[in-house]
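Student: Questions regarding the structure given below will be posed in turn.
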Amino acid sequence: MRIGVFICHCGSNIAGTVDCEAVAEAARSMPDVAFATDSMYTCSEPGQEAIIKAVTEHRLDGIVVASCTPRMHERTFRRTVERAGLNPYMFEMANIREHVSWIGRDKKANTTKAVDLTHMAVEKLRHNRPLQSKSFAATRRVLVIGGGVAGIQAALDCADAGLEVVLVERNSTIGGKMAQLDKTFPTVDCSSCVLGPRMVDVAQHPNITLYAYSDIQAVSGFVGNFEATIRKKASYVDWDKCTGCGECMEKCPVKDAPDEFNEHLATTRAINIPFPQAIPKKAVIDASRCKRLITGKCGVCAKICPSDAIDYEQQDTIITEKVGAIIIATGYGLFDHKVYGQYGAGRFPDVITSIQYERMLSASGPTGGHVQRPSDGKEPKNVVFIQCVGSRDKSVGRPYCSGFCCMYTAKQAILTKDHIPDSQSYVFYMDIRSPGKGYDEFIRRAVEEYGVRYVRGRVSRIFPQNGHLVVRGADTLMGAQVQVEADLVVLAVGVESAPGAKELAETLRVSTDTYGFFLEGHPKLKPVETNTAGVYLAGACQGPKDIPASVSQASAAAAKVLGLFAKGELTSDPQVATVDQRRCVGCMKCAKTCPFGAVKEVEDRAGDPKAEVVETVCQGCGICSATCPQGAIQLNHFTDDQILAEVNALCQPNLGLNSE
Amino acid sequence: MSAESRPELRIIGFLCNWCSYGGADTAGVARLNQPTDLRIVRVPCSGRMDPMFIAKAFYGGADGVLVSGCHPRDCHYSEGNFYARRRLELFLRFLPVLGIDPQRFHYTWVSASEGQRWQQTVTDFVERIHSLGPLPQLCESDPAMKQLAQCLGGGE
């Protein structure tokens, strides 16, 4: 075998702390290495051309590149190697950037380590075999999880492009957080006027199947061929019959059910439709509040319903859907502000959250769009907004910026002035972060046109005094203590991952970050993908995002799905397990451990049982290889031989254990 | 003691491609300084780990072996790390039989976002191996060792 080795400088990223020339020099004396050099940027066009040229000139059979992480550029170089006329799997990468140059400062030790890692890659490559991909058909349907603005956009984009879409929403209506908003920044246009028609589009689209009030219970399969198990929760109302007339809501005697849509600013009935523009506009019985379901006595809604839709016996139903791709758009949750005891939230009724204030501003909200103090219903004159409640605060485990609170606070301050012209708003802030299009101008308008007073500093305490709330804090620009008498305090609560995101991540086998947001494939180059093929991200489930960003990412996710299906047939990764039939004794331990059911039992010509791998189902984890007592099932590209070759490169066996 | 002034030991890390290898990458991207003793072998899943790989590393003279995968329930292949945990836990107890101090072996879970945790894991483990010192030369004439050598050498 003739191997070519390329040591990448990565500018000064590697060359700064690794002697790349010395590594190339060392590589020249490694077994089977016919050519070794160092280059400035191996991934660049001249870098790749140099590889192709070397393959021809030196008649190379395999290439090792020592550069960055294979998670970054393994595919790039596999394509290069393929262009050079070699099999793409006759390539190995040594990670001398993330694992060497960036984490160690001693050039000598780094260089030794880089030589070792290159040696390991060379030894592995010596055991590589050419691998071929296989094609398989994909189910051209997509599952969108979450019916907020991102999920709606993704579903509509896919459906308009001709794909069948299954949209699953946990609540009884789609719309998500955006449906709760009154106006949106920086245009101050009405949220439901923007979103409402899109929600109707979803309901009417022939390509979209909407499962509201439903959860994802399980997902099996792989890219192109997923099977999702969806649990449609019992609503105790036959939605085929329910017309959404709302008569049941009017007559229901239980008047103290919590109104989640209005953020508990009001109460609702035990049977209810969350808001008049809900899609689907269907009633749901809250089983924990319904008298009939708890005590067996009542049944008013069943008597009153003109379409005979009430069904107290209804059970959860399980539906399975086959899809080829999945878009996660589960959105975000809001920080529990009660953690900040000094703000008195939960104790003082006139300290509310931003989303509660949003409901109060909304004409369809519990106060009919009138801003009033929850304690006495009076119109507030002084309104204090406090930013970064659960954002950029390490002490409460939320060190990240929630991104859009600066903007919605400015919007709410502007709207306050619109609602109550003689009011005065104050905003306590750390920094103003308003980098979007038209955003900074919007903040200026709040200050200049609407007279919102911005105070730079944190609030230390809020306490009641003579019917007011006293907000005490620091003005760090003035270098003085400030005290503001407020009638109403609005806390700009930060963004956190959606409740249940962790469980969904486990179900879908995708990763989450430290804060429970879904982890993208790469922070810059794969912001929409996950590390699980065929699963994409849209909106705030990946991290705090405002509406334009959520919608953009949703369209991007839809484009990714369309791109995936545009190929017609998908090609399987050939890094799958294969069975050496001569060694296999048919114990089928491999089949028992395979998480994907990719190993099936077949009979050989003598009628003996043997294992066989279904290549399109195998995901290439290699659990079977580690299980097989015979060493008969081997994972391509990560065979025992290949892994041990790497081990041996580092540890020269001293007991004659080398199997070579 | 500064990490730079002492001679390096031979420490191998087997890392799953999805979580821990990503975590090591994250640590690199964040320039989190680490001892240079550890060399990483990438495996697709911690469930791919045949304890034989670790045994062979020790018999090849590795002073320490570290295995790291995805946190339980986070496995890219849904349950590979559970298999890993079961096998490695058994293997840990079997190490003294092989004549290896079990302290030289450690398995753990690091996710792709946990760069700092990876830095801590590496630093702690390398420190531990340094405190144990280099692996004592295994006695080749020991009949049990010969037997094992035969067993281990037999498989590919």
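The values are calculated or read from the model by the stated rules, or taken from the named source; none is laboratory data. Since the structure is predicted, the reported quantities are computational estimates derived from the model, not experimental observations. Note: ideal-geometry Cβ built from the backbone for every residue, glycine included; neighbour counts use all protein chains shown. Heavy atoms of the whole protein, side chains included, go into the accessibility calculation; ligands, DNA and RNA do not. Shrake-Rupley method; radii C 1.70, N 1.55, O 1.52, S 1.80 Å.
Student: Here is the link list: A:Lys177/A:Lys524; A:Lys183/A:Lys545; A:Lys183/A:Lys437. Which ones come out longer than 22 Å on Cα distance?
Tutor: From the list (A:Lys177/A:Lys524; A:Lys183/A:Lys545; A:Lys183/A:Lys437), the Cα-Cα distance tops 22 Å for A:Lys177/A:Lys524.
Student: Ignoring ligands, DNA and RNA, what percent of the 1.4 Å accessible area of segment A:156-214 is carbon and sulfur?
Tutor: Roughly 48 percent of what the probe reaches on segment A:156-214 is carbon or sulfur.
Student: Buried accessible area for the A:B pair, summed, 1.4 Å probe, in Å² rounded to 100?
Tutor: That pair of chains buries around 5300 Å² in total.
Student: Which residues of segment A:568-593 end up with at least 20 Å² less accessible area in the presence of all protein chains than when their chain stands alone, using a 1.4 Å probe?
Tutor: Hits at the 20 Å² cut-off: A:Arg583, A:Thr593.
Student: Let a ≥ b ≥ c be the square roots of the eigenvalues of the Cα gyration tensor of chain A; is it rounded (a/c under 1.5), or, if not, prolate (a/b larger than b/c) or oblate?
Tutor: oblate
Student: At 7 Å along the Cα-to-beta-carbon direction for both A:Glu569 and A:Arg347, put a label point, then send me their distance in nm to one decimal.
Tutor: Going from the A:Glu569 label point to the A:Arg347 one covers 7.0 nm.
Student: Of the accessible area of segment A:1-60, with the probe set at 1.4 angstrom, what percent is carbon plus sulfur?
Tutor: Percent of accessible area from carbon and sulfur atoms in segment A:1-60: 51.
Student: Keeping every protein chain present and rolling a 1.4 Å probe, give me the accessible area per residue for the protein assembly as shown in Å².
Tutor: Result: 41 Å² per residue.
Student: Over segment A:462-601, with every protein chain in place, what whole percent of the accessible area is carbon and sulfur at 1.4 Å, could you tell me?
Tutor: Here it works out to 54 percent.
Student: Which of the pairs A:Lys394/A:Lys526; A:Lys134/A:Lys526; A:Lys526/A:Lys589; A:Lys251/A:Lys411 have their Cα atoms more than 31 Å apart in this structure?
Tutor: A:Lys526/A:Lys589; A:Lys251/A:Lys411
Student: Another question about this same structure. For A:Arg458 and A:Asp336, compute 0.36 nm times the residue count separating them, minus their Cα-Cα distance, and round to one decimal in nm.
Tutor: Roughly 42.1 nm would be gained on extension.
Student: So, one more: Working with all protein chains in place, sort A:Cys43, A:Cys10 by solvent-accessible area computed with a 1.4 Å probe, largest first.
Tutor: A:Cys43, A:Cys10
Student: Still on this structure, I have one more. State the Cα centre-to-centre distance between segment A:15-33 and segment A:320-377 in whole Å.
Tutor: Taking the Cα centre of segment A:320-377 as reference, the centre of segment A:15-33 is 59 Å away.
Student: Apply the a/c threshold of 1.5 to the C-alpha gyration tensor of segment B:1-137 and tell me whether it is rounded, prolate or oblate.
Tutor: Oblate, because a/c is 1.5 or more while a/b does not exceed b/c.
Student: Under 5 Å between amide H atoms, partner at least 5 residues away or on a different chain: which partners does A:Leu334 have, H built in plane at 1.01 Å?
Tutor: Residues meeting the amide H criterion: A:Glu496.
Student: Would you mind checking the tilt of helix A:70-83 against the longest principal axis of the Cα atoms of chain A, expressed as 0 to 90 degrees and rounded to 10?
Tutor: Helix A:70-83 sits roughly 50 degrees off the main axis of chain A.
Student: Further question: Based on alpha-carbon centroids, what's the gap between segment A:518-587 and segment A:239-290 in Å, whole number please?
Tutor: If we compute the Cα centre of each part, the gap is 38 Å.
Student: Can you tell me the order of A:496-502, A:128-134, B:60-66 when each peptide is scored by its average per-residue count of other Cβ atoms within 10 angstrom, highest first?
Tutor: Descending mean neighbour count gives B:60-66, A:496-502, A:128-134.
Student: Report, as an integer, the average count of C-beta atoms from other chains found within 10 Å of each Cβ along A:91-99.
Tutor: Taking all residues of A:91-99 together, the mean is 4.
Student: Okay, next question. Once you put a point 7 Å from the Cα of A:Thr476 and another 7 Å from the Cα of B:Gln116, both along the Cβ direction, what distance in nm separates them?
Tutor: Result for the modelled spin labels: 2.0 nm.
Student: B:Glu89 versus A:Arg75, label points 7 Å from Cα toward the beta carbon: distance in nm?
Tutor: 3.7
Student: What ³J(HN,Hα) values, in whole Hz, does the Karplus curve 6.51 cos²θ - 1.76 cosθ + 1.60 give for segment A:284-300 when θ = phi - 60°, with x put for Gly and Pro?
Tutor: Result, rounded to whole Hz: 9, 8, 7, 4, 7, 10, 5, 4, 5, 6, 7, 10, x, 10, 2, x, 4.
Student: Of A:Val482, A:Gly436, A:Val452, which is farthest along the charge dipole of segment A:432-527 in the positive direction, counting Lys and Arg as +1 and Asp and Glu as -1 at C-beta?
Tutor: Towards the positive end, the residue furthest out is A:Gly436.
Student: Let me ask you something else. From the helices alone, meaning DSSP H stretches of at least four residues, give me the mean residue ellipticity at 222 nm for the protein assembly as shown, per-run term -39500 (n - 2.57), in deg cm²/dmol to the nearest 500.
Tutor: -9000 deg cm²/dmol
Student: Additional query: Quick one: Debye curve from the alpha-carbon atoms of segment A:577-636 only, equal weights, vacuum; give me log10 I(q)/I(0) at q = 0.21, 0.24 Å⁻¹ to two decimals.
Tutor: -0.68, -0.89
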